[in-house]
Amino acid sequence: MATAVFEQEALPHLDTLYRVALRLTGDRASAEDLVQETMLRALRAWSSFRPGSNARAWLVTILRNQFINGWRSRKRAPTGIDMDAIPEPPDLGDPDPEGRFFDELVDDEVLEAVDALPPEFREVLVLSDMEGLPYADIATTLGIPVGTVKSRLFRARRILQGRLRTYAESTGLIKPIESPPES
Amino acid sequence: MMLPPDCEAAIDQLDALRRGELADTALRSLYEHLEACRRCAAFKVHEEAFLERLIQATRSCTCPDEVRATIYQMIAKESRDN
């Protein structure tokens, strides 16, 4: 009976879990293993799930803990980032102020840029902007205050937008932003 | 680059707007600001294009059937064993 409820509550979130796992681990085989381990752990811990609470957030928390405990050390060194290089929003000299160039990029280019984000920024961006989890659930999942979720998300978007823009400029999709003439 | 405080507040509120979490008064105030401020209006459009692209990039990615099958088998086995 418990497994039937588990199936009903947990299985609809497999796509979310797989996508998050893929972004955390960086490769499909590891993501598949991580999702399977997560589901096994979740099934065995199902009695601790509070009915009516957010099953997706609960599962993502388990997945992330599994990743931290067993996977993070094996995969991915954090990517260094020069915080001063993060572009400030918004720039009136932007030749593409509506961000039309985003549509010209292919999925793999976008996802590679996401994967290259430092882990603490990548996590909040994936959970919030790609999977639509509420800030409060992200805060619980990551064990950080809601304010930190928001500030990391803001930074993550700026870093990612900056990198996508640089890529778009280097491939000729858009012109570089012109600096104002010095007076 | 420092933004004026009302622009900073407007940019802070855009997420709440997207999530449908903005109260009526704040909503009106934000729209008034966006009508008057070209910079923030452009930022809103730019941010929406970016977020839409992020969602598109990931939606085609789904859990493989083999993984689903393995998980179903695992659940069935746990059910039998308990």
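Bear in mind these aren't lab numbers, they're just calculated from the coordinates by the rules spelled out. Small disclaimer: the values here were computed from a predicted structure and weren't measured. Using ideal geometry, Cβ is built from the backbone for each residue, glycine included, and neighbour counts are taken over all protein chains shown.
A protection proxy built from the mean count of other Cβ atoms within 10 Å ranks the segments A:120-131, B:7-18, most packed first, as A:120-131, B:7-18.
For the peptides A:158-168, A:17-27, residues were scored by their other Cβ atoms within 10 Å and the scores averaged per peptide; the highest-first order is A:17-27, A:158-168. Distance between the pseudo-spin-label points of A:Lys175 and A:Arg41 (7 Å out from Cα toward the beta carbon): 5.2 nm.
Annotation: amide H-H contacts under 5 Å for A:Leu117 (H modelled 1.01 Å from N, sequence separation of 5 or more, or interchain): none. Computed from backbone phi, the HN-Hα couplings of segment B:51-60 come to 5, 4, 5, 4, 5, 4, 4, 9, 5, 6 Hz, rounded to whole numbers (Karplus: 6.51 cos²θ - 1.76 cosθ + 1.60, θ = phi - 60°; Gly and Pro given as x). Amide H to amide H, with H built 1.01 Å from N, A:Ile174 comes under 5 Å of A:Glu169, counting only residues 5 or more places away or on other chains.
The phi-based Karplus calculation (6.51 cos²θ - 1.76 cosθ + 1.60; θ = phi - 60°) puts the 3J(HN,Hα) values of segment B:26-41 at 5, 4, 4, 4, 5, 5, 4, 5, 5, 5, 8, 10, 5, 4, 6, 4 Hz, whole numbers, x for Gly and Pro. Place a point 7 Å from Cα of B:Ala9 in the direction of its Cβ. Which residues in segment B:19-44 have their backbone N less than 11 Å from it? The answer is B:26, B:29-30, B:33, whose backbone nitrogens lie closer than 11 Å to the label point. With a Förster radius of 25 Å applied to the C-beta separation of B:Ala41 and A:Glu104, the computed FRET efficiency comes to 0.65. The mean number of partner chain beta-carbon atoms within 10 angstrom of a residue's beta-carbon across peptide A:34-45 is 3.
The amide H of B:Leu3, built 1.01 Å from its N in the peptide plane, has no neighbour under 5 Å, considering only residues 5 or more places off or on other chains.
State the Kirkwood hydrodynamic radius of chain B in Å, one decimal place, computed from all pairs of distinct Cα atoms.
16.3
Note on B:Ala16 and A:Asn69: the model spin-label points, each 7 Å out from Cα along the C-beta direction, lie 3.8 nm apart. In order along segment A:136-144, the Karplus-derived 3J(HN,Hα) couplings, from 6.51 cos²θ - 1.76 cosθ + 1.60 at θ = phi - 60°, round to 4, 5, 5, 4, 5, 4, 8, x, 10 Hz, and Gly and Pro are given as x.
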